[in-house]
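The values are calculated or read from the model by the stated rules, or taken from the named source; none is laboratory data. Only a predicted model underlies this, so the values are computations on that prediction, with no experimental measurement involved. Neighbour counts are summed over all protein chains in view; Cβ atoms, including those assigned to glycine, are modelled from backbone coordinates with ideal geometry.
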Ligand code: ADP
Ligand code: MN
Ligand code: MN
Ligand code: MN
């Protein structure tokens, strides 16, 4: 067992033993359904599993369930039941076979959405904007941590060499735990998530994967399940995943969730005109977007959007072709083809994609 993971109870278990149990047959037609939801932090996911007598094909067929919201910062102890409403079904890459992951959103005792259920208003915006066919692609950056919450593979009493060799790096002294990255990639494709790529990031132990393009609400559903799968895979390896947007102070890159966005008109001939119109609207709504782009209304992004390390300043809006120091970038290829999409570089890695994509649609499409 790798020495640096000795203090992780998950990493010291012999993971080959589980294969015996997972290949045990279960009665025909039965399905283990793992219900997944966003907890009261607005950042973390929770899950619990139940047995169903049939394999579900549509969310409406699934039972509504509940959980103890007083343990997840979603309810008071005296009125603690929170409802889980199934909204999307994915293949379960851990249990395989007929088993399923069920993404849910959460409702209080009075059937109103919980405070961290941002899907409801996002869906309303997506429905109102449906005719424009909004597409989103999110670049999810994250950092792997050892059990002491220090980045994985970093010296315990010092720092790795300065940034430079690690981005898209190859080799034992450049990247750490590619196993987790590859396992997560395969799991997402198996689950039915539109994962479009992955790369090692600028800070050692930091990685990125991209989800999309997805139309409308699907981007949020798929990104949240991809995060669940990442935590779950890393758990098997005894490693922690953090989406903190600035895990290490100093000369180390933070972690974002660049959100690439287009409408049908932007993707068509001379769509650059539409892209520029959207950027103009974004420039006049900077604060609204900063407030929507991390779970603490801009507080988390204050540490990351410094104007250094390939970020823009949190205080100003800026845009430019191929400019990675701007709030919004038009990719070089889109400027050349005069159509395509824009990249909003402001969302933090721990953002709620429902809030980010809702803000983009309300500003750029619904003119709210
Ligand atoms: P970067 O050069 O910023 O690192 P990436 O290749 O990591 O870009 O990510 C680009 C993202 O843009 C992908 O998630 C991709 O699915 C998404 N994307 C591509 N075309 C569109 C489009 N027309 N609308 C929205 N998103 C798009
Ligand atoms: Mn990228
Ligand atoms: Mn990146
Ligand atoms: Mn990017």
(request) Go through (1) on the phi > 0 side of the Ramachandran plot; (2) surrounded by fewer than 21 Cβ atoms within 10 Å (Cβ to Cβ); (3) more than 16 Å from the chain's Cα centre (by Cα) and name the single condition residue 192 misses. (result) (3)
(message) Could you go through the stretch 136-147 and let me know if any residue there is closer than 26 Å to residue 262 by Cβ, within 16 Å of ligand 1 (Cβ to nearest atom), outside the structural domain of residue 11 (by TED's automatic domain parsing) and part of a helix (DSSP H, G or I).
(response) no
(message) Please go through (1) out of contact with any strand residue (DSSP E or B) (no Cβ under 9 Å at 6 or more places or on another chain); (2) loosely packed, with under 12 Cβ neighbours inside 10 Å for residue 53 and return the number of the only condition it doesn't satisfy.
(response) (1)
(message) Being at pLDDT 95 or above, farther than 30 Å from residue 264 by Cβ and in contact with a helix residue (DSSP H, G or I) (Cβ under 9 Å, 6 or more places away or on another chain) is the requirement here; does residue 114 meet it?
(response) yes
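Can residue 212 be described as within 13 Å of the chain's Cα centre (by Cα) and assigned by TED's automatic domain parsing to the domain that holds residue 130? Quick ask: steps written out before the conclusion?
Values: within 13 Å of the chain's Cα centre (by Cα): yes; assigned by TED's automatic domain parsing to the domain that holds residue 130: yes.
It is true that residue 212 is within 13 Å of the chain's Cα centre (by Cα) and assigned by TED's automatic domain parsing to the domain that holds residue 130.
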(request) Give the residues of the stretch 249-276 that are surrounded by fewer than 18 Cβ atoms within 10 Å (Cβ to Cβ) and either modelled with pLDDT under 95 or away from ligand 1 (no atom under 16 Å from the Cβ) (or both), sorted by residue number. (result) 249, 250, 251
(request) Could you list all residues from the stretch 164-180 that are surrounded by fewer than 21 Cβ atoms within 10 Å (Cβ to Cβ) and in contact with a strand residue (DSSP E or B) (Cβ under 6 Å, 6 or more places away or on another chain)? (result) 168, 169, 177
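Condition check ((1) surrounded by fewer than 18 Cβ atoms within 10 Å (Cβ to Cβ); (2) touching a residue at least 24 places away in the same chain (Cβ under 8 Å)) across all residues:
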position	(1), (2)
12	yes, yes
16	yes, no
19	yes, no
28	yes, no
40	no, yes
